Amino acid sequence: ERLLQELAEVCQTLCAAHPELTGIAIGLPGIIDSQRGFVHFSAPLGWENVAVLAPLQRCVSLPLLVLNNVKAAALLSVQQLQLSKAQSHFYLRIAEGVGGALIDRGALYTGSSWTAGEIGHLRMQREGPLCSCGRRGCLETLIGQPAIQQQLSKRKPGLRWQQGESEPSLFNPLMSEAGEHLGFALSQVMQLVNPACIIIDAPWNSSAVFREAVQQTMQASTLAFTHAHTTLHFLAQRLEPAQGLALAVIAQYEQADY
């Protein structure tokens, strides 16, 4: 309740300072019904069944949106890469967690329970590390930033992943293993969803070892015809979800205008 009150105050401050605003979007982690602005579950926030949009609408007259952060960034990735809106594209983001989103014909595909694209919770190991979702061996526990940092620290206390390139004997094996895990997970996406493009937004993209492991594992784990018709993009710069949220506001405004 305190956070929702703070969000309402921020929105009211923005509206007062910028009367030209066409809308406000709020990005959150978790399983979100964006139509209702309802957070069904968010492990990072510790939320379950929280209505976000309704209380804010009582305080703010502007159009409001509530979206999952990764799905907002996915919208931005398709625009920045100038990908065809006639096709489908899969976006994957590695940060504290691992998330994904499918953009189908220019629109977000959320599925029947708003969990479409949740690749971070594909189970990769039967007895793997404990995940925030309560299960073991999810992809997130193997390739997310906390997971890689924990593995680096075990090998050399105090070593951080930003310095990993100077420690190839420690960093490269981790990047190879992470790339293999991700490549296998993405091969399942390729077979089941068959997107035209897969976009990887990860801190490990600067590692040639990681990129090669992803590509080789995807190719080895996917039908040759499917692989040949899928383009893989490793983003050189991380995307900012807030810009994706702004893009969603503009899209909503244009649709309403038409």
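Can you give me the Cα centroid spacing of the range 41-114 and the range 148-219 in angstrom?
24
How many Å³ per residue does the convex hull of the Cα positions in the range 149-242 occupy?
Normalising the Cα hull of the range 149-242 by residue number yields 112 Å³.
Stokes-Einstein diffusion coefficient for the range 87-240 at 10 °C in a medium of 1.306 mPa s, Rh from the Kirkwood formula over Cα pairs: what value in µm²/s?
Taking Rh from Cα pairs, D becomes 100 µm²/s.
Specify the angular offset, from 0 to 90 degrees and rounded to the nearest 10, of the alpha carbon long axis of helix 208-221 from the longest principal axis of the alpha carbons in the chain.
Helix 208-221 and the main axis of the chain meet at about 90 degrees.
Just to compare against my own numbers: the Cα pair-distance distribution for the range 112-181, 10 Å bins, whole % per bin, please.
20, 46, 27, 6, 1
For a test of the definition: using alpha carbon positions, the gyration tensor, and the 1.5 limit on a/c, classify the range 43-88 as rounded, prolate or oblate.
The shape class here is oblate.
What accessible area per residue comes out for the chain, rounded to a whole number of Å², with a 1.4 Å probe?
Normalised by residue count, the accessible surface of the chain is 53 Å².
When only C-alpha pairs under 8 Å and at least 6 residues apart count, what is the relative contact order of the chain, in percent?
18
Give the residue list of trypsin sites (Lys or Arg not before Pro) in the range 111-156 that are DSSP loop and have at most 15 other beta-carbon atoms within 10 angstrom.
For trypsin sites (Lys or Arg not before Pro) across the range 111-156 that sit outside H, G, I, E and B with at most 15 neighbouring Cβ atoms in 10 Å, the list reads ARG126, ARG135.
Regarding the range 1-131, what are the three Cα extents along the principal axes, ordered largest first, in Å?
Principal extents (Cα only, largest first): 50, 37, 25 Å.
Determine the share of the chain's accessible area contributed by carbon and sulfur atoms, expressed in whole percent, with a 1.4 angstrom probe.
The computed percentage sits at 51.
Pull up all non-local amide H partners of ARG136: gap of 5 or more, or a different chain, and H-to-H distance under 5 Å with H placed in the peptide plane.
Under 5 Å from the amide H of ARG136 lie the amide H atoms of CYS131, each far enough along the sequence or on another chain.
When averaged across all projection directions, what area in nm² does the alpha-carbon convex hull of the range 76-139 cover?
5.1
For a quick check of your reading of the filter: which chymotrypsin sites (Phe, Trp or Tyr not before Pro) in the range 9-111 sit in a DSSP loop and have no more than 11 other Cβ atoms within 10 Å?
Within the range 9-111, no chymotrypsin sites (Phe, Trp or Tyr not before Pro) qualify (loop, at most 11 other Cβ atoms within 10 Å).
So for the range 198-256, what percent of the C-alpha to C-alpha distances run longer than 14 Å?
Here the tail beyond 14 Å accounts for 67 percent of pairs.
If exposed means no more than 15 neighbouring beta carbons inside 10 Å and the site is in a DSSP loop, what's the longest run of the chain without any exposed GluC sites (Glu not before Pro)?
128-258
So, with +1 on the Cβ of K and R and -1 on the Cβ of D and E, and no other charges, what is the size of the charge dipole of the chain about its Cα centre, to the nearest 20 debye?
500
The values are calculated or read from the model by the stated rules, or taken from the named source; none is laboratory data. Owing to the predicted nature of the structure, the values given are computational and were not obtained by experimental measurement. For neighbour counting, all protein chains shown are included, and Cβ atoms are generated from backbone atoms with ideal geometry for every residue, glycine included. Accessible surface is based on the protein model in full, side chains and every heavy atom, while ligands, DNA and RNA are left aside. Shrake-Rupley method; radii C 1.70, N 1.55, O 1.52, S 1.80 Å.
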